[in-house]
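Colleague: Before anything else, here's the structure in question.
The values are calculated or read from the model by the stated rules, or taken from the named source; none is laboratory data. Everything quoted here is computed from the prediction, not taken from an experiment. Every residue, glycine among them, receives a Cβ derived from its backbone with ideal geometry; neighbour counts consider all protein chains shown. Keep in mind that these areas ignore ligands, DNA and RNA; they rest on the heavy atoms of the full protein, side chains included. Shrake-Rupley method; radii C 1.70, N 1.55, O 1.52, S 1.80 Å.
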Number of protein chains: 2
Amino acid sequence: MKKISNTYQEHAPVIILVRPQLAENMGMVARAMMNCSLSELRLVKPRDNPLDAKAIASASGAQSILEDAKVYASLDEAVADLNVVYATTARRRDMVKPIYAPAKAIEATYKNLQQGVKTGILFGAERTGLENDELICANAIIEIPLNPIHCSLNLSQAVLLIGYEWFQKAHFTDNTTYKTGDSALATKAESEAFLQHLERELDKRGYFRFTDKRERMSHNLRNIFTRLPLSASEIKTLHGVITDLIRTPNDEK
Amino acid sequence: MKKISNTYQEHAPVIILVRPQLAENMGMVARAMMNCSLSELRLVKPRDNPLDAKAIASASGAQSILEDAKVYASLDEAVADLNVVYATTARRRDMVKPIYAPAKAIEATYKNLQQGVKTGILFGAERTGLENDELICANAIIEIPLNPIHCSLNLSQAVLLIGYEWFQKAHFTDNTTYKTGDSALATKAESEAFLQHLERELDKRGYFRFTDKRERMSHNLRNIFTRLPLSASEIKTLHGVITDLIRTPNDEK
């Protein structure tokens, strides 16, 4: 099996499709898994061949996950080496099991895997979902929070939502940031030089003629340009804008 | 436009598809939106007809969102009444904009809507995404955290992930608590061996004598032991319990 370079990869949750029907869906599940850095797929009694041309096409680059997928004749065999099994289900059952939101289940999975606890997540067949006797082997249920009056999800979408939680937990640190392209952010001195350039030229043209409002007008102006960090090259652009604006049409020739 | 009963519904974010191509994708977007209690869809220069039979079929019950969708000739017109616009994009651009993770952007959206701030979220065309001149109108970028070496998403999947964050923020309170098990957890095979041991001995003693209730009795029994992960040593204890229970007092000496 191909390993993505990642300390915890070996214990990332295993995705287990129970009686999946359509090759296309198996392919889309593989794609969603690769989107989320999940790699181990198990198939219990798949109806179509997971290496069917339709599966490969819909995997859209995630073919390796289908190739590495193991096929099992029973759910028991598919979960035999796992320590914790979650079952995803949309329908509530009369069954005494803990029910977790995806983020909670994934948080537990992530903590557990650091102690070598291997986790699998079950997804039922396309139309019927998991049968009661398949839910039995699960330690807990994962219920995806969705609009209760319209909660049916495509198989690959269910895998994607769980995988998305996994990716966020295992691989993502929120560094909400300002993207500045090739140019670095301007320094405060560069920003200040531009603001002074602007105010100097405005002053020459009587913009600040009401002395008692001068300070407030200056603050308002500065607030516009300091709200977001500007890049050094944007500062240059703004200097150019002033330079051009103050030319009289006669300058052009 | 149909209102879902919800205080904030009117200011839930508007989903804006810019130059969507395939009717099927527009239908799947409508379905994903309804999954997440989003209802307002805008389409800028769609190639296919959003009420095409393929769109209706793939909407899978969310047809009303397609019927209510407004079609615009330009992006400017589509965002004219909005206060804040986010653009979703997979590719990084050389453009100075704040970049938020979905959860952060949705949190801001949720806070803002309580003050009447109307927010739209842009999704680009299927293959090309948003063009640079379409990104200009956005106040900020939403970047969905996914495996950087395989991050391409179907249009409806991108809408689903953003919508999922919205639903969680606006409609869902997580009340689940996770009880951590022992660190040395039993494998499923070990648990299964115990359950079979238990059932075998019970069966010998007529526990399952009402054949029609056998399955339900077995399910109930198994649910007791699979509710929480058992440790390997707990499984041993339980084997011991059975072994002792089935001894007759005569064995004792």
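Colleague: Which one of these is modelled with pLDDT of 95 or more, polar (S, T, N, Q) and touching a Lys or Arg at 6+ places or on another chain (Cβ under 9 Å): B:S74, B:S64?
Modeller: Selected residue: B:S64, the only one of B:S74, B:S64 that is modelled with pLDDT of 95 or more, polar (S, T, N, Q) and touching a Lys or Arg at 6+ places or on another chain (Cβ under 9 Å).
Colleague: Determine whether A:F210 is open to solvent by 90 Å² or more (accessible area, probe 1.4 Å), of a type in the set (A, V, I, L, M, F, W, C) and modelled with pLDDT of 75 or more.
Modeller: Spelling it out, A:F210 is indeed open to solvent by 90 Å² or more (accessible area, probe 1.4 Å), of a type in the set (A, V, I, L, M, F, W, C) and modelled with pLDDT of 75 or more.
Colleague: Is it the case that some residue within the range B:131-154 is within 23 Å of the chain's Cα centre (by Cα) and either in a helix (DSSP H, G or I) or away from chain A (no Cβ under 14 Å) (or both)?
Modeller: Checked against the condition, which is being within 23 Å of the chain's Cα centre (by Cα) and either in a helix (DSSP H, G or I) or away from chain A (no Cβ under 14 Å) (or both), the range B:131-154 yields no hits at all.
Colleague: Let me ask something additional. Which numbered condition in (1) more than 12 Å from chain A (Cβ to nearest Cβ); (2) open to solvent by 30 Å² or more (accessible area, probe 1.4 Å); (3) at pLDDT 85 or above is the only one that B:Q196 fails?
Modeller: (1)
Colleague: Suppose we keep only residues that are assigned to a strand (DSSP E or B) and at pLDDT 85 or above within the range B:87-119. Which one would you say is nearest to A:A184 (Cα to Cα)?
Modeller: Checked the range B:87-119; the qualifying residue nearest to A:A184 (Cα to Cα) is B:I99.
Colleague: Okay, moving on. Name the single residue that is modelled with the highest pLDDT among those in the range A:225-253 being within 14 Å of another protein chain (Cβ to nearest Cβ) and open to solvent by 100 Å² or more (accessible area, probe 1.4 Å).
Modeller: A:K236
Colleague: Quick check on the range B:111-149: of everything there that is farther than 19 Å from B:S74 by Cα and among the small types (G, A, S), which residue is surrounded by the most Cβ atoms within 10 Å (Cβ to Cβ)?
Modeller: B:A140
Colleague: Pairs only if they're at least six apart or on different chains, beta carbon under 9 angstrom, first in the range A:44-62 and within 18 Å of A:Y72 (Cβ to Cβ), second assigned to a loop (DSSP other than H, G, I, E, B) and of a type in the set (D, E, K, R); list them, first residue then second.
Modeller: So the pair list comes out as A:V44/A:R19; A:K45/A:R19; A:P46/A:R19; A:R47/A:R19; A:A55/A:D48.
Colleague: Something else about it: Keeping to the range A:22-43, report how many residues are open to solvent by 40 Å² or more (accessible area, probe 1.4 Å), touching a Lys or Arg at 6+ places or on another chain (Cβ under 9 Å) and touching a residue at least 40 places away in the same chain (Cβ under 8 Å).
Modeller: Of the residues in the range A:22-43, 1 are open to solvent by 40 Å² or more (accessible area, probe 1.4 Å), touching a Lys or Arg at 6+ places or on another chain (Cβ under 9 Å) and touching a residue at least 40 places away in the same chain (Cβ under 8 Å).
Colleague: Further, regarding this structure: Among the residues of the range A:127-137, are any touching a Pro at 6+ places or on another chain (Cβ under 9 Å) and over 23 Å from B:F167 (Cα atoms)?
Modeller: For the range A:127-137, residues touching a Pro at 6+ places or on another chain (Cβ under 9 Å) and over 23 Å from B:F167 (Cα atoms): absent.
Colleague: Looking at the structure I just gave you, is A:G129 on the phi > 0 side of the Ramachandran plot and modelled with pLDDT under 85?
Modeller: Here the answer is no, as A:G129 does not meet what is asked.
Colleague: Take the residues in the range A:172-186 that are open to solvent by 50 Å² or more (accessible area, probe 1.4 Å) and at the interface with chain B (Cβ under 7 Å from one of its Cβ atoms); name whichever of them is modelled with the highest pLDDT.
Modeller: Selected residue: A:F172.
Colleague: Let me ask something else. Among the residues of the range A:95-110, is any open to solvent by 50 Å² or more (accessible area, probe 1.4 Å) and more than 11 Å from chain B (Cβ to nearest Cβ)?
Modeller: No - not one qualifying residue is present in the range A:95-110.
Colleague: With the structure loaded, tell me whether B:L122 is modelled with pLDDT of 85 or more and outside any loop (DSSP other than H, G, I, E, B) or whether it fails that test.
Modeller: In short, yes.
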